[in-house]
1. Want the number for residue 236 to residue 115: 0.36 nm per residue separation, take away the alpha-carbon distance, what's left?
2. Once you keep just the Cα pairs under 8 angstrom separated by 6 or more residues, what percentage relative contact order results for region 133-230?
3. Can you list the lysines whose alpha carbon sits under 27 Å from that of residue 168, skipping same-chain ones fewer than 8 residues off?
4. Which one of 76, 39, 141 is farthest out on the positive end of the charge dipole of the chain, using unit charges on Cβ (Lys, Arg +1; Asp, Glu -1) and the Cα centre as origin?
5. Between residue 223 and residue 131, what's the calculated FRET efficiency when r is the beta-carbon distance and R0 is 25 Å? Round to 0.05.
6. Do any GluC sites (Glu not before Pro) in region 1-90 lie in a DSSP loop with no more than 13 other beta carbon atoms within 10 Å, and if so, which?
7. With each pseudo-label sitting 7 Å past Cα toward Cβ, what's the residue 39-residue 175 distance in nm, one decimal?
8. Spin-label point model (7 Å from Cα, Cβ direction): what's the residue 27 to residue 108 distance in nm?
Amino acid sequence: MNTDISHRLIVALDVDNAETARGLVEKLAPLHVTYKVGMQLFYREGVQFVRELIDAGHLVFVDLKLHDIPNTVAGAVQTLVSQGVLFFNVHCLGGTQMMEAAAQAGKKAAGAIGKPPPLIAGVTVLTSMSETVLHDELKINEPLEPYVVSLASSAQACGLGGVVCSAKEASKIRKVCGDDFVLITPGVRPKGSANGDQSRIVTPQMAIEAGATYIVVGRPITQAPDPAEAAARILEEMSLVGVSQP
Ligand code: C5P
């Protein structure tokens, strides 16, 4: 297996408590993947569990999708960063003022603890959302792809380091935002696994080929009878593409 690619697999620890998460991390330890702590785990175990993973040497992406008025989001960013959380996300739909406030607060808080600015990604359109829902329920009449690309461009202009998007939009965003912009793509399903509630899905190989920096996979790994084997198979699929480490 190509170990350079390992950290580009983000395993979503969407479980109820730290004990279950520790069990998964232990099983996946030889693979050196990145972990995602989202709302389900964070709201129970808080930043302490994130710190536990970071202190054990793991890369951690905190997926809280911050979305509030600029001042409140800036405060949340300052709280996260001052506790050593340097990779997390905010919603692009919070608007440019909110994204700028997040970027500035992140830079300032990181400087205060002698760290480089955090990697803040903007959430574009959730991968569970189809174009029909976007049009019929949310009344956003633009076609999905140009809409997502324009959200990504404005995230970049606001000082964010990347976006969360479907791999289906990744190659367009890569062209517009350049090689250094980080693309995090959930909605990834290895061949033969269930879609769950995801709508715009692709395989790991397709996501990497489309220009994804990171792919996020939850249930196909965490609910597999052998999570390490499932993750290893996904890493193999990702390695099939001859791309260099970002
Ligand atoms: O289990 P599954 O692979 O569908 O998990 C995907 C993870 O990625 C979930 O934790 C979900 O919250 C997250 N996510 C997503 N779509 C986005 C942003 C985050 O599915 N646009």
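1. 40.2 nm
2. 23 percent
3. Cα-Cα hits under 27 Å: 36, 65, 139, 191.
4. 76
5. Efficiency at R0 = 25 Å is approximately 0.35.
6. Here no GluC sites (Glu not before Pro) fit, given the DSSP loop and packing criteria.
7. 3.4 nm
8. The two pseudo-label positions are separated by 4.4 nm.
Each value in this text was obtained by applying a stated rule to the coordinates, not by laboratory testing. The shown structure was predicted, so the numbers you read here are calculated from the model rather than taken from an experiment. Please note: Cβ atoms are built from the backbone with ideal geometry, for glycine as well, and neighbour counts cover all protein chains shown.
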